[in-house]
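The values are calculated or read from the model by the stated rules, or taken from the named source; none is laboratory data. These figures come from a predicted structure and were not determined experimentally. When we count neighbours, we look across all protein chains shown, and the Cβ atoms used for this are built from the backbone with ideal geometry, even at glycine.
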Amino acid sequence: MTFAEILEKILSGQNLALLGAALAATLAGIGSAKGVGIVGEASSAMLQEDPSKFGKALLLQALPGTQGIYGLVAAFMIIYKIGLLGDPIELTVAQGSYFLMAALPIALVGLFSGIAQGRVAAAGISLVSKRPAESIKAVTSAALVETYAIFALLVTLLPIFFFQA
């Protein structure tokens with residue numbers, strides 16, 4: 001088997017689509033894990049001083065986790081659309097590349113917005129530690145970052161939904 005034949009098998013349409021699904025779930029998941037970790041560190045410091053603020057801290061800590069969920073939704077939609085949960089469809093390299101490109105918005109925006117949202121939510125923890133009554137302002141600030149992850153998810157899902165083999 002020649003190198004070209006090996007490369008042709010590796011870069012099949014199905015594999016490119018699966019690479020897109022893997023990137024969506026992995027990169028957005030990394031962003032969420034990092035963001036949740038950032039807020040968790042800030043929360044732990046606050047909760048040492050006042051454990052009664054756990055509920056407010058938990059809400060802020062949960063927010064950066066949504067990017068990972070969005071990446072997972074996109075990955076499952078790709079897996080479903082290419083037939084891996086039923087009868088797999090034969091994809092050309094161009095069609096596989098289509099799914100790979102469709103996955104990139106949530107993969108990349110999920111990575112960066114999860115981390116950014118974690119930083120904003122960690123700053124919100126600082127606000128809640130000093131002024132608990134202002135917690136809605138902290139949540140609102142962190143939720144604004146979420147908007148861009150939602151936009152990226154829409155940009156990812158629309159081409160997947162409308163794909164026709």
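See the values below:
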read-out: Any hit, segment 80-92, residues being part of a helix (DSSP H, G or I), surrounded by fewer than 16 Cβ atoms within 10 Å (Cβ to Cβ) and in contact with a helix residue (DSSP H, G or I) (Cβ under 8 Å, 6 or more places away or on another chain); value: no
read-out: All positions within segment 44-60 that are surrounded by fewer than 23 Cβ atoms within 10 Å (Cβ to Cβ) and either under 24 Å from G71 (Cβ atoms) or of a type in the set (A, V, I, L, M, F, W, C) (or both); value: A45, M46, L47, F54, L58, L59
read-out: Boolean, L72 is touching a residue at least 60 places away in the same chain (Cβ under 8 Å), closer than 30 Å to K9 by Cα and under 19 Å from the mean Cα position of the chain (by Cα); value: no
read-out: Test result for F76, at pLDDT 90 or above, closer than 24 Å to L23 by Cβ and part of a helix (DSSP H, G or I); value: yes
read-out: Every residue from segment 1-43 that is outside any helix (DSSP H, G or I) and surrounded by 13 or more Cβ atoms within 10 Å (Cβ to Cβ); value: L11, S12
read-out: Number of the condition not met by R119 [criteria: (1) more than 23 Å from E146 (Cα to Cα); (2) surrounded by fewer than 22 Cβ atoms within 10 Å (Cβ to Cβ); (3) touching a residue at least 40 places away in the same chain (Cβ under 8 Å)]; value: (1)
read-out: Top-ranked residue in segment 123-165 [being in contact (Cβ under 8 Å) with a residue 40 or more places away in the chain and aromatic (F, W, Y); ranked as surrounded by the fewest Cβ atoms within 10 Å (Cβ to Cβ)]; value: F161
